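J.: Structure provided below as structure tokens; questions to follow.
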Amino acid sequence: MEPVDRTAPAGETPEGAPEAVSTLTLRVNGTARTLTVDNRTTLLDALRDHLDLTGSKKGCDHGQCGACTVLLDGRRVNSCLLLAVVCAGASVTTVEGLSDGDRLHPVQEAFVARDALQCGYCTPGQICSAVALLHEAADGQPSYVTPPERSPDGPVSLTPEEIRERMSGNICRCGAYPNIVDAIEEAAR
Amino acid sequence: MKPFAYVRPERTEEAIDRFAAQPGARFLAGGTNLVDLMKLGVAGPPLLIDINGLPLDAVEETAAGGLHIGATARNSDVAAHPLVRVRYPALSQALLAGASPQLRNAATTGGNLLQRTRCPYFQDASKPCNKRAPGSGCPAREGVHRDLAVLGHSAHCVATHPSDMAVALAALDAEVRLRGPAGERTVPVAEFHRLPGDRPDRDTVIEDGELITGVTLPAPPSGARGAYRKARDRASYAFALASVAAVLTVEDGRIGHAALAFGGLAHKPWRAHAAEEVLRGAPATAETYRRAADAELAAAEPLRDNGFKVPLARNLAVSVLHDLASRTDTTG
Ligand SMILES: Cc1cc2nc3c(=O)[nH]c(=O)nc-3n(C[C@H](O)[C@H](O)[C@H](O)COP(=O)(O)OP(=O)(O)OC[C@H]3O[C@@H](n4cnc5c(N)ncnc54)[C@H](O)[C@@H]3O)c2cc1C
Ligand code: SF4
Ligand code: FES
Ligand code: FES
């Protein structure tokens, strides 16, 4: 699509100020993608509507459910509250980018093995979130339930209580929580 | 959402100049509150000035033995920072009690302080609300207000400030650093947020066009312990119904330094001066903690549906103080 097609109607851009559209490059699942978007476009909409990556889901569109979770430069974020322009130059990993060819990511394997889903709508977000969780715990990052006396060094061991707290930003309408916790425990081993 | 222009300056002065040149502009940090409010039609800035490119994300020790936390340092990074965990555990715990890991990875120190209330009428652009549309009324006072204020509210607004982080910062005597067209200034966190009075549209004392550059904490009192505890409707990922941040020293069974702040009860983090007065120099006993909490909460004026917050806050304060004191007595 030509950039000019997406320019905001005349008069809506404040005078003398930059335009209401932006062209940016994102590295998505390892490939550089350049796109021109209305500044209002969230990363989630850019992925789904501009790049045809519909794995990331729109649940609430307000940061409340985690269905849109992706990894931005390796960190989990809610792509529905991030403007795409803000992500210019960043690397994004979506659920489509986790597997190594036909080999599923260990977290994906564990979700399948433990039947950690029912309808599957929340699953891409749950999986991206869990992938980041494993890194965060290995890196020693605390959660609200990590004993504060614990020394700041060394990995945090992932008890079910830790997993539940660390996954609290991912809501599952089907209530598949027990198996999600099992799957993450398995992937953490 | 209204269309808007977007710029990403690399220098702080440029960000401030850009703001001054465009009435209605907004700084954009993590976007987790501002983008949400733009989607809801509650905010509609013509220009977003992305401050994520500014050199404001450092967390570093100050010459005075305190800590400076940059405005764009992420909530998750601050919570996990070794100096924060060891010297300011109340701050680390408050950050970890807020939002979700995904949100904390985006949310910043400055944005967290300036997040708006979660009052349902404020977030619904089709409803009257004195905070959003001054003079239109406050439907929460007689309407849905279970989550709203019991202290310091006015006839014009009964909203609460939702930040957990700010409550810990208030108890830690932190200061907000501001920079605007007129220069720099510093405001204690406990005086940064306002009570609603007849200007509920103003959450804080920040002037339009001022940028938060960071927050500075003094060195913790020697031997002090701190903690943050939060009561909410579900185990995690919910705003506080009531919360408590406390910092305490105890020597020979008597309380020395005492700092206490409540969250979820007012339009601002509520530094509990009356309670601190009771605590200082008093024996570290449950009786003292109860007297302290009661001294502070005597001023509470609950609304029809939120009276439960008063005993909830009282019990939280008593239990946090008890736990801290039993861990800090230097004779023990
Ligand atoms: C579902 C959900 C649950 C949440 N739960 C909690 C919770 O339990 N506890 C809690 O404390 N918070 C909670 N939050 C709120 C979250 O902590 C805030 O949205 C976040 O801290 C805001 O930071 P930000 O950097 O994203 O701010 P932005 O959204 O980028 O900005 C917020 C405001 O601050 C202004 N601003 C930002 N930085 C600066 C600066 N440096 N100088 C001047 N102005 C600035 C912006 O212009 C805007 O007006 C929750 C949010 C969501 C969506
Ligand atoms: S409590 Fe404040 S924010 Fe809520 S409706 Fe009333 S004026 Fe608006
Ligand atoms: S769609 Fe982003 S959190 Fe729900
Ligand atoms: S499996 Fe249906 S929402 Fe989680």
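Here, each number is a calculation from the coordinates, and none is a lab measurement. On a predicted model such as this, the values are computed, not experimentally measured, just so you know. Glycine also receives a Cβ, built like all others from the backbone with ideal geometry; neighbour counts cover every protein chain displayed.
J.: For a protection proxy built on the mean count of beta-carbon atoms within 10 angstrom, sort B:205-213, B:68-76, A:97-105, B:135-143 highest first, please.
T.: Answer by packing, highest mean first, reads B:68-76, B:205-213, B:135-143, A:97-105.
J.: Continuing with the same structure: Please list, by residue number, everything in the range B:295-309 whose backbone N is under 16 Å from a paramagnetic label point 7 Å out along Cα→Cβ of B:E142.
T.: Those under the cut-off are B:303-305.
J.: For chain B, return all DSSP H helices satisfying: extent of Cα atoms along own axis at least 27 Å; mean Kyte-Doolittle hydropathy at least -1.0.
T.: Span-like helices, by this rule, are B:309-328.
J.: Let me make sure I get this right: for the range A:63-167, a, b and c are the square roots of the gyration tensor eigenvalues over alpha carbons, sorted descending. Under 1.5 in a/c it's rounded, otherwise prolate if a/b > b/c, else oblate. Which is it?
T.: oblate
J.: Moving on to the next point. Using r as the Cβ-Cβ distance of A:T23 and B:D252, and R0 as 56 Å, what FRET efficiency do you calculate, to the nearest 0.05?
T.: Plugging the Cβ-Cβ distance into 1/(1 + (r/R0)^6) gives 0.25.
J.: Okay, moving on. If you keep only loop residues by DSSP, which GluC sites (Glu not before Pro) in the range B:2-110 have at most 13 other Cβ atoms within 10 Å of their Cβ?
T.: B:E10
J.: How many nm is it between the label spots at A:E161 and B:A286, if each spot is 7 Å from the Cα in line with the beta carbon?
T.: 2.2
J.: Also, I was wondering about something else. Return B:K127, B:K2 ranked ascending by Cβ neighbour count within 10 Å, so the fewest neighbours appear first.
T.: Ordered by Cβ neighbours within 10 Å, fewest first: B:K2, B:K127.
J.: Still on this structure, please answer the following. Among B:M38, B:M165, rank each residue by its count of other Cβ atoms within 10 Å, from fewest to most, as a rough exposure measure.
T.: Exposure proxy ranking, most exposed first: B:M38, B:M165.
J.: What is the fewest-to-most order of A:R164, B:R291 by other Cβ atoms lying within 10 Å of their Cβ?
T.: With the sparsest Cβ surroundings first, the list reads B:R291, A:R164.
J.: For A:A113 and B:F308, what does the FRET efficiency come to when R0 = 56 Å and r is the distance between their Cβ atoms, rounded to the nearest 0.05?
T.: 0.80
J.: Also, quick follow-up: Between B:A182, B:A317, B:A266, find the one with the highest GNM mean-square fluctuation for chain B; connect C-alpha pairs within less than 10 Å.
T.: Residue with maximal mean-square fluctuation among B:A182, B:A317, B:A266: B:A182.
J.: Within chain A, which is the longest segment containing none of the GluC sites (Glu not before Pro) that sit in a DSSP loop and have at most 11 other Cβ atoms within 10 Å?
T.: A:16-148
J.: Here's a follow-up. Label B:T12 and B:A58 with points 7 Å out from Cα along Cα→Cβ: what is the distance between them in nm?
T.: According to this spin-label approximation, the distance is 1.0 nm.
J.: Once the Cα gyration tensor of the protein assembly as shown is diagonalised, what are the square roots of 5 times its eigenvalues, in whole Å and ordered largest first, as equivalent ellipsoid semi-axes?
T.: Those come to 37, 29, 22 Å.
J.: Using R₀ = 45 Å, calculate the FRET efficiency as 1/(1 + (r/R₀)^6) where r is the Cβ-Cβ separation of A:T54 and A:S151; round to 0.05.
T.: The value I calculate is 0.55.
J.: Right, next: In whole Å, what is the distance between the alpha-carbon centres of the range B:29-78 and the range B:216-275?
T.: What the calculation gives is 24 Å, centre to centre.
J.: Sequence gap of 8 or more, or different chains, plus Cα separation below 27 Å: how many lysine pairs satisfy both in the protein assembly as shown?
T.: Step by step, the pairs that qualify in the protein assembly as shown add up to 19.
J.: Extending each Cα 7 Å along its Cβ direction at A:D100 and A:R189, get the distance between those two points in nm, one decimal.
T.: Going by the 7 Å Cα→Cβ label model, 2.0 nm.
J.: Further, regarding this structure: With n ≥ 4 as the cut-off for DSSP H runs, can you work out [θ] at 222 nm for chain A, using -39500 (n - 2.57) per run divided by the number of residues, rounded to the nearest 500?
T.: Mean residue ellipticity at 222 nm (helix-derived): -7000 deg cm²/dmol.
J.: Can you tell me the 0 to 90 degree angle between the C-alpha axis of helix A:177-188 and the longest principal axis of chain A, rounded to 10?
T.: 80
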